[in-house]
Amino acid sequence: MCGIVGYVGDKKKTVNVLLDGLTRLEYRGYDSSGIALMEGGRPRVFRSTGKLSNLKKKIGKHPLEGLLGIGHTRWATHGDATEKNAHPHISGGTSVVHNGIIENFSLLKDELIKKGYKFYSDTDTEVLAHLIESCCAPGISFEDSVRAAFRRVEGSYAVAVISDRMPEKVIATRKFSPLIVALGDHENYLASDVPAILPYCRNVIFLEDGDVAVLEKNGISITDLYGDPVERNVQVINWDPVSVEKCGYRHFMIKEIHEQPEAVLDTMRGRFSEETGEVFFEGLDGSAYEDVNRITALACGTSYHASLIGKYMIETIARVPVQVEIASEFRYRNPILDKNTLAIAVSQSGETADTSEALFEAKAGGAKTLGITNVLMSKISRDADKVIYTHAGPEIGVASTKAFTTQLVVFYLLAVYLGSVKQQIDKERSIGLIRDAIRLPQLIQMTLRLDDEIKDLAKEFFHYRNFLYLGRGINYPVAFEGALKLKEVSYIHAEGYAAGEMKHGPIALIDDEMPVVVIAPKDGITYRKILGNLQEVRARRGKVIFLTSDMPPEELKGSVDRVIVIPGSNYLLSPVLSVIPLQLLAYHIAVLKGTDVDQPRNLAKVVTVE
Ligand code: G6P
């Protein structure tokens with residue numbers, strides 16, 4: 001979950017490329033940061049705790065002129081978020097930055113201490129620096145020493161190394177953690193993720209596990225851990241660089257909330273025919289799913305909430321039973337799987353360790369596998385048998401917004417796809433469902449017009465210390481997602497509940513200090529029921545924010561404190577709209593509370609540890 005960058009070349013100022021790349025990767029972790037620049041044949045290292053701005057201040061006006069360097073932004077795993085634990089870690093003239101966890105670090109550390117190496121940090125990464133140094137010997141190239149060192153390392157890593165033993169090159173290697181190299185014109189880059197290099201070049205190689213890349217000004221060579229050359233394709237990335245800029249918005253989160261009409265449109269583009277009612281996913285063959293009689297969705301966080309909604313969509317349209325599993329739980333409970341099970345791993349980043357490992361568990365159990373991810377060539381997209389990409393574009397805000405709504409759209413289209421494969425829906429129904437989806441971007445646009453109204457609402461409610469979110473039917477997982485957004489960015493305690501469950505416990509919490517957000521788009525199925533639950537809240541003096549797609553009926557006048565009205569839509573698509581006011585509410589409350597909206601405390605966008 002840490003971020004790594006590297007540069008070699010004389011066309012740009014290395015320090016600027018490193019700091020700029022780290023700025024774009026800061027969403028991956030922000031406990032500390034650091035850079036190492038090769039100057040006069042030796043790495044010069046700067047490190048600082050906290051946000052990248054602290055490192056920038058520290059570097060200040062130091063005239064740094066090196067032609068290559070590496071940088072790191074950290075999300076702490078082994079060792080506190082202190083300066084001594086910040087990367088790069090050093091051994092002699094070798095500097096190392098690392099993302100991941102070295103599982104055999106204690107064993108290696110003991111061995112290196114016996115050999116006389118001194119450790120200054122509490123991290124597992126420092127082991128790598130000393131291990132590389134210990135593998136250096138006369139007659140062995142530095143590249144070979146690095147390869148020899150990593151043949152001994154167990155765990156997950158994306159690593160970049162520079163050394164006075166090899167002052168014109170940067171070495172990079174990976175296993176189970178993402179790392180890309182990018183080819184420029186007489187300059188080359190490396191990074192954990194595409195956004196870091198997007199303003200500079202588009203020709204990218206996604207390194208694979210066990211690859212060792214050697215970057216020089218005029219080229220990149222890639223071998224395996226034994227030095228045998230490997231061929232990797234260059235992919236041209238077509239993301240727009242402005243997609244990783246704030247473009248006048250105060251935060252990425254609010255920019256990404258407002259990008260949802262386009263993100264949803266991009267996710268649907270080219271994936272159906274309104275005339276025939278067919279849905280297409282590149283690389284998917286419907287006949288492979290004819291014998292699927294059970295679906296297991298595996299996910300964490302916001303992706304888990306999207307999967308809970310996906311369950312309603314698939315079960316309603318395709319009539320295939322869907323189980324939704326928290327990925328970290330699924331792995332350790334000997335799940336029942338077979339070849340008629342389709343396991344769907346849902347992950348914005350495609351790198352979440354728990355989801356990725358759950359996917360392996362599903363594979364091992366003989367299930368067919370499918371990934372739904374937003375990141376091209378990410379781990380899950382490569383490990384699953386098939387992948388469907390959400391085309392949300394880069395999501396930088398740590399709290400997920402547009403990735404969520406695009407995941408919902410993929411689930412909806414997948415439901416229609418499977419509905420046809422399983423002959424549960426005819427052409428006419430399919431066309432109807434597709435037409436409902438086509439209206440979505442416009443309906444989202446209309447929902448976003450609530451922004452100012454929600455900002456006012458936030459002013460009225462931001463001082464409360466607890467919130468309850470209630471939903472029913474397909475909008476019950478939206479209650480979870482609304483509560484999660486508020487917790488993540490405003491640090492206010494919030495709970496999501498199925499409205500019908502409230503009377504079984506949470507009702508005890510309700511008094512005039514408890515705002516209750518009731519999510520009740522008109523659906524003709526559970527709407528009347530939720531009105532009943534609302535009365536239960538009012539009878540206990542709870543403050544009600546009522547979100548509906550129609551004005552509340554006369555009898556409710558005076559029973560709710562505030563009403564938010566979203567546009568009406570197909571019931572199955574209503575969560576795509578109902579979640580938007582909740583994203584906005586969390587955002588505006590966080591701004592009023594003065595929290596760090598895009599990088600909330602203790603969180604990271606990509607969680608590559610269990
Ligand atoms: C982290 C992020 C969440 C995200 C979750 C799952 O906790 O902070 O926003 O929902 O990981 O991430 P994924 O990339 O697998 O969807």
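The values are calculated or read from the model by the stated rules, or taken from the named source; none is laboratory data. Model, not experiment: these values are computed from the prediction. Here the Cβ positions follow ideal geometry from the backbone for every residue, glycine too, while neighbour counts run over all protein chains shown.
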- Query: Filtering region 262-299 down to residues that are without any contact (Cβ under 8 Å) to a residue 60 or more places away in the chain and crowded, with 17+ Cβ neighbours inside 10 Å, which residue is nearest to the ligand (Cβ to nearest atom)?
  - Reply: ALA299
- Out of the residues in region 319-352 that are among the hydroxyl-bearing types (Ser, Thr, Tyr) and modelled with pLDDT of 95 or more, which is nearest to the ligand (Cβ to nearest atom)? SER347
- Message: So for region 381-394 (the condition being within 16 Å of the ligand (Cβ to nearest atom), under 28 Å from GLY210 (Cα atoms), part of a loop (DSSP other than H, G, I, E, B) and among the acidic types (Asp, Glu)), does at least one residue qualify?
- Response: no
- Item | The lone exception for ILE309 - which of (1) part of a helix (DSSP H, G or I); (2) more than 16 Å from the ligand (Cβ to nearest atom); (3) crowded, with 21+ Cβ neighbours inside 10 Å; (4) among the β-branched types (Val, Ile, Thr) it fails | (2)
- Query: Which one is farthest from LEU408 (Cα to Cα) among residues in region 280-304 that are in a strand (DSSP E or B) and of a type outside the set (Gly, Ala, Ser)?
  - Reply: ARG294
- Task: Among residues belonging to region 364-392 that are in contact with a helix residue (DSSP H, G or I) (Cβ under 6 Å, 6 or more places away or on another chain) and polar (S, T, N, Q), point out the one that is nearest to LEU337 (Cα to Cα).
- Result: THR369
- Query: Taking THR608, is it within 16 Å of the ligand (Cβ to nearest atom) and surrounded by fewer than 24 Cβ atoms within 10 Å (Cβ to Cβ)?
  - Reply: no
- Task: Filter region 425-453 for residues that are assigned to a loop (DSSP other than H, G, I, E, B) and either surrounded by fewer than 16 Cβ atoms within 10 Å (Cβ to Cβ) or aromatic (Phe, Trp, Tyr) (or both) and give the result.
- Result: ASP426, ARG439, ARG449
- Task: Specify the residue that is nearest to the chain's Cα centre (by Cα); the eligible residues are those in region 487-506 that are crowded, with 21+ Cβ neighbours inside 10 Å and of a type in the set (Gly, Ala, Ser).
- Result: SER490
- Which ones in region 93-146 are farther than 19 Å from LEU225 by Cα, buried (at least 24 other Cβ atoms within 10 Å of the Cβ) and not hydroxyl-bearing (Ser, Thr, Tyr)? ASP124, GLU126
- Message: Looking only at region 208-223, how many residues end up being modelled with pLDDT of 95 or more, within 12 Å of ARG174 (Cβ to Cβ) and not β-branched (Val, Ile, Thr)?
- Response: 3
- Pairing a residue in region 220-236 that is among the polar types (S, T, N, Q) with any residue that is assigned to a strand (DSSP E or B), where Cβ atoms lie under 6 Å and the two sit 6 or more apart in sequence or on different chains, gives SER221/VAL214; THR223/VAL212; THR223/PRO229; GLN235/VAL204
- within 16 Å of the chain's Cα centre (by Cα), in contact (Cβ under 8 Å) with a residue 24 or more places away in the chain and either on the phi > 0 side of the Ramachandran plot or more than 13 Å from the ligand (Cβ to nearest atom) (or both): does that describe GLY419? no
- Of all the residues that make up region 26-40, how many are among the aliphatic types (A, V, I, L, M) and in contact with a His (Cβ under 9 Å, 6 or more places away or on another chain)? 2
- Subset of region 135-184 [at pLDDT 95 or above, closer than 19 Å to GLY71 by Cα and among the polar types (S, T, N, Q)]: SER163, THR173
- Note on the structure: Of the residues in region 575-603 that are within 30 Å of PRO178 (Cα to Cα) and surrounded by fewer than 22 Cβ atoms within 10 Å (Cβ to Cβ), the one that is nearest to the ligand (Cβ to nearest atom) is LEU603
- Item | Cβ pairs under 6 Å, 6+ apart, first in region 381-407 and closer than 18 Å to SER574 by Cα, second away from the ligand (no atom under 13 Å from the Cβ) and part of a loop (DSSP other than H, G, I, E, B) | LYS402/GLU259
- Item | Residues of region 465-501 classified as part of a helix (DSSP H, G or I) and either in contact with a strand residue (DSSP E or B) (Cβ under 6 Å, 6 or more places away or on another chain) or more than 16 Å from the ligand (Cβ to nearest atom) (or both), total | 14
- Task: Mind telling me which of the residues THR316, THR355, THR302 ends up being within 16 Å of the ligand (Cβ to nearest atom), touching a residue at least 60 places away in the same chain (Cβ under 8 Å) and not aromatic (Phe, Trp, Tyr)?
- Result: THR302
- Inspect all residues belonging to region 27-50 and state whether any of them is within 16 Å of ALA191 (Cα to Cα), among the aliphatic types (A, V, I, L, M) and out of contact with any strand residue (DSSP E or B) (no Cβ under 6 Å at 6 or more places or on another chain). no
- Query: Looking at LEU457, LEU509, which is the one that is over 26 Å from the mean Cα position of the chain (by Cα), over 15 Å from PRO581 (Cα atoms) and of a type in the set (A, V, I, L, M, F, W, C)?
  - Reply: LEU509
- Task: From GLY397, GLY366, grab the single residue that is part of a loop (DSSP other than H, G, I, E, B) and either within 15 Å of the ligand (Cβ to nearest atom) or aliphatic (A, V, I, L, M) (or both).
- Result: GLY397
